[in-house]
Amino acid sequence: MSTRARFEGFDLIGDVHGCGATLAALLEKLGYHQRGGVYRHPRRRVIFLGDLIDRGPRIRLAVQIARRMVEEGEAFIVMGNHEYNALAYCQRAPKGLGREWLREHSPRNNRIINETLEQYRDHSQEWDEALAWFMEIPLCLEERGLRVVHACWDQPLINDLLRRHPDACMDEAFLIESTAPGTGAFRILDRLTRGTQMPLPLGIEIHSGDGFTRRSFRTHFWAQSPKTWGDVVFQPDNLPDDLELRPLSQEERARLAHYGPDEPPLFIGHYWCEGIPALPAPNVACLDYSAVKFGRLVAYRWSGERQLDADHFVWLRVPREEQVRPRPWEISFE
């Protein structure tokens with residue numbers, strides 16, 4: 001990144017999921033204006049937290065805005081699990097893997113990406129170019145005293161990634177390896193873009209208000225000495241029955257990463273929060289407020305502060321026409 005006079009800081013933007021018109025409006029609200037087809041600010045830059053695609057009605061617009069800003073040096077971006085899913089879904093598997101595609105074209109996976117493929121159906125070259133750009137997106141970012149990752153900052157795994165790829169970007173070999181459970185690439189990709197999940201006891205499901213049925217729950221990674229499931233659950237839905245009181249087993253506790261209170265400010269997306277944006281920890285901000293489900297596209301205006309401030313959240317409600325109706329037959333942790 002080139003050094004510019006009077007640089008003030010970064011505006012970090014959470015999961016857009018195809019709400020392209022709202023993204024444009026949020027950028028305008030933040031003081032960015034189009035010049036030469038690119039949103040620019042004289043003293044600030046954007047960092048996108050990934051998951052530009054899927055679900056919403058203006059996916060191409062969202063990708064175009066972000067890509068142009070990144071390529072012009074007006075923004076950074078980190079990989080979301082939906083961009084990764086698209087890469088694996090559209091990449092044929094090498095012979096000998098026993099499958100045709102790196103990501104299975106199952107009914108469930110087809111449904112997840114269907115809206116994106118439909119919007120690019122008459123723009124195949126543009127889709128190919130978007131996929132090529134996705135391959136250039138790093139899995140994590142550390143810049144000017146802050147850290148950014150889509151789901152979970154796991155320092156040992158990030159160290160492994162940077163030893164293999166100092167730019168934190170995948171190549172084709174890494175992409176292929178990452179689709180094989182148990183490999184180093186799989187562990188890196190899964191943790192950084194999807195975080196950790198705890199399976200629910202057999203026969204117990206969460207029937208959430210957004211129409212999804214889930215058999216596991218998402219966990220966070222900043223609790224100090226967590227003892228129960230309730231200490232680490234991080235999602236809008238409460239755990240059923242008295243499961244929040246269930247003690248964490250030693251094995252479950254070992255699976256969790258930990259981000260300490262003395263670490264640099266960290267920005268994540270992925271966790272479909274709802275309500276008024278708030279800080280889950282003094283040095284952690286989640287910016288995914290479920291734009292296409294619960295209706296907020298959220299940014300954080302960071303200007304170098306070590307301790308984050310909830311007053312620095314900026315958001316817009318997503319108009320009804322850019323929201324999607326939940327599909328009750330989907331079971332998703334994507």
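The values are calculated or read from the model by the stated rules, or taken from the named source; none is laboratory data. In this text, all values refer to a predicted model and were calculated from it rather than measured experimentally. Cβ: placed from backbone, ideal geometry, glycine included. Neighbour counts: every protein chain shown. For accessibility, only protein heavy atoms count, side chains too; no ligands or nucleic acids. Shrake-Rupley method; radii C 1.70, N 1.55, O 1.52, S 1.80 Å.
Table for the structure above
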quantity	calculated
Label zone at Arg92 (point 7 Å along Cα-to-Cβ), backbone N below 13 Å, the range 98-136	99-102
Mean separation of Cα contacts under 8 Å, 6 or more apart, over the residue count of the range 206-297: relative contact order %	22 percent
Rel. contact order, % - alpha carbon contacts under 8 angstrom, at least six apart, the range 38-106	31 percent
The chain: calculated mean residue ellipticity at 222 nm from DSSP helix runs of at least 4, using -39500 (n - 2.57)	-8000 deg cm²/dmol
Relative contact order computed over the chain (Cα-Cα under 8 Å; 6+ residues apart), in percent	20 percent
Simple spin-label estimate for Arg163 and Arg111 in nanometres, 7 Å along Cα-Cβ	4.1 nm
Anisotropy class of the range 232-316 from Cα gyration tensor, a/c 1.5 cut	oblate
Overall form of the range 48-162 per C-alpha gyration tensor (a/c, 1.5; a/b vs b/c)	oblate
Most fluctuating residue given options Cys286, Cys140, Cys90, as computed from a GNM of the chain linking Cα atoms under 10 Å	Cys90
Estimated FRET transfer efficiency when R0 is 25 angstrom, pair Ser225-Arg6 (beta carbons, to 0.05)	0.05
Cβ charges +1 (Lys, Arg) and -1 (Asp, Glu), total dipole of the chain, debye	340 debye
Rounded percent of accessible protein surface that carbon and sulfur make up, the chain, 1.4 Å probe	48 percent
Percentage, to the nearest whole number, of Cα pairs in the chain over 36 Å apart	14 percent
Extreme residue, positive dipole direction of the range 8-69, given options Gln34, Ala21, Ala62 (C-beta unit charges)	Gln34
Between the range 155-220 and the range 34-104, the alpha-carbon center distance in angstrom	18 Å
Cα-centre dipole for the range 6-137 with unit charges at Cβ (Lys and Arg positive, Asp and Glu negative), debye to 20	160 debye
Tensor-based shape of the range 61-103 (alpha-carbon gyration tensor, a/c under 1.5 rounded, otherwise prolate or oblate)	prolate
Contour minus Cα-Cα distance for Arg99 and Asp122 (0.36 nm per residue)	5.5 nm
By average C-beta atoms within 10 angstrom, highest first, the peptides 163-170, 119-126	163-170, 119-126
Distance (nanometres) between label positions extended 7 Å along Cα→Cβ at Ala132 and Ile204	5.0 nm
Dipole moment magnitude, nearest 20 debye, the range 58-214 about Cα centre, only Lys, Arg, Asp, Glu C-beta charged	480 debye
Accessible area (Å², 1.4 Å probe, nearest 10) - Glu205	60 Å²
Extension reserve of the Ala278-Arg306 stretch, reckoned as 0.36 nm per residue once the Cα distance is removed	8.4 nm
Ala25 paired with Asp241, simple spin-label distance in nm, labels 7 Å along Cα-to-beta-carbon	4.4 nm
